[in-house]
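Q: Got a structure for you, written out below as structure tokens; questions coming shortly.
The values are calculated or read from the model by the stated rules, or taken from the named source; none is laboratory data. As the structure is a prediction and not an experimental result, all values here were calculated from the model. Using ideal geometry, Cβ is built from the backbone for each residue, glycine included, and neighbour counts are taken over all protein chains shown.
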Amino acid sequence: MTSQEVHDATNSEIIRVQYEGFGDLIKLDGKSFTFATLICGKTYQEASNLLREAGIDVPSSQYFYRIQKVILEKAKELAEKSVKNHALQLEPGTVITIDAHFSHVRNADECEFVAMGPKGDIVAKFVIVRSRKGKAGNYTGASCQMESVAADQALQILEDTVGKGIVDGFCHDRDNKSRNIVHKHFPDAVEYQDGFHCKKKFELCWKRLTSNS
């Protein structure tokens, strides 16, 4: 047995045990099966195969996808409520930190932009998903513009929630058009550069210099 086979077998066993914890509930309530599948990061087919091997009946795929939609909509609602509550706790003079994460480095289909308060709480968030053939989204432009669009949407939500006078400054990595977008919503905010990103850029430049020497 190779090391990869051992690794795969171990992961399968861990997942099986995770699902067995929901076993009794699953027999009574298909919602628990759907929730467990989402938490474990598995597809309907993967979860069904694992449970059927353990002799546990699972709900139909139609039921699963219907309940999955309800659960995801509720999770989105709770997440938005949490972000808004954190935003409402901000005090005048706040400095926010902003950044974005892409699903891929190039030709990304998804970009998530967040703004965090001084305590590390997310106070604004917006996710851009590019529409593709067979996949609905909320964006149809180029991937290089996704972060700017997401930033504008997220900061508009923050402005609508707390007004223009709360944010006194912002910290970012200066690798996009964030400065102009922040000043669109918070004109008097002072710009600061993120020291962590400065460190990363220095390391990258150093590697490029030394690799060419």
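Q: Test Phe126 against the stated conditions and say whether it is in a strand (DSSP E or B), modelled with pLDDT under 90, out of contact with any Lys or Arg (no Cβ under 7 Å at 6 or more places or on another chain) and crowded, with 19+ Cβ neighbours inside 10 Å. Full working, then the answer.
A: Numbers: in a strand (DSSP E or B): yes; modelled with pLDDT under 90: yes; out of contact with any Lys or Arg (no Cβ under 7 Å at 6 or more places or on another chain): yes; crowded, with 19+ Cβ neighbours inside 10 Å: yes.
For Phe126, the condition - in a strand (DSSP E or B), modelled with pLDDT under 90, out of contact with any Lys or Arg (no Cβ under 7 Å at 6 or more places or on another chain) and crowded, with 19+ Cβ neighbours inside 10 Å - is met.
Q: Confirm whether Lys201 is modelled with pLDDT under 75 and either surrounded by fewer than 17 Cβ atoms within 10 Å (Cβ to Cβ) or under 24 Å from the mean Cα position of the chain (by Cα) (or both).
A: On the way: modelled with pLDDT under 75: yes; either surrounded by fewer than 17 Cβ atoms within 10 Å (Cβ to Cβ) or under 24 Å from the mean Cα position of the chain (by Cα) (or both): yes.
Judged against the criteria, Lys201 is a match.
Q: Going through region 65-108 one residue at a time, which ones are among the polar types (S, T, N, Q) and in a helix (DSSP H, G or I)? Step through it out loud before you land on a result.
A: Restricting attention to region 65-108, the residues satisfying the condition of being among the polar types (S, T, N, Q) are 68, 82, 85, 89, 94, 97, 103, 107.
If the condition is that a residue be among the polar types (S, T, N, Q) and in a helix (DSSP H, G or I), then Gln68, Ser82, Asn85 are the ones that fit.
Q: Based on this model, can you work out whether Gln62 counts as loosely packed, with under 11 Cβ neighbours inside 10 Å, of a type in the set (S, T, N, Q) and in a helix (DSSP H, G or I)?
A: Details: loosely packed, with under 11 Cβ neighbours inside 10 Å: yes; of a type in the set (S, T, N, Q): yes; in a helix (DSSP H, G or I): yes.
Yes.
Q: Could you please tell me which pairs satisfy a Cβ distance under 6 Å, a separation of 6+ or placement on different chains, a first residue in region 81-101 that is outside the structural domain of Gly165 (by TED's automatic domain parsing) and modelled with pLDDT of 90 or more, and a second residue that is basic (Lys, Arg) and surrounded by fewer than 13 Cβ atoms within 10 Å (Cβ to Cβ)?
A: none
Q: Residues that are crowded, with 17+ Cβ neighbours inside 10 Å, at pLDDT 85 or above and in the same structural domain as Lys177 (by TED's automatic domain parsing): does region 130-144 have at least one?
A: Initial filter on region 130-144 (crowded, with 17+ Cβ neighbours inside 10 Å): 130, 139, 143.
Imposing the further condition that a residue be at pLDDT 85 or above reduces the set to none.
Among the residues of region 130-144, not one is crowded, with 17+ Cβ neighbours inside 10 Å, at pLDDT 85 or above and in the same structural domain as Lys177 (by TED's automatic domain parsing), which makes the answer no.
Q: Which count do you get for residues in region 109-123 that are surrounded by fewer than 18 Cβ atoms within 10 Å (Cβ to Cβ) and part of a loop (DSSP other than H, G, I, E, B)?
A: 5
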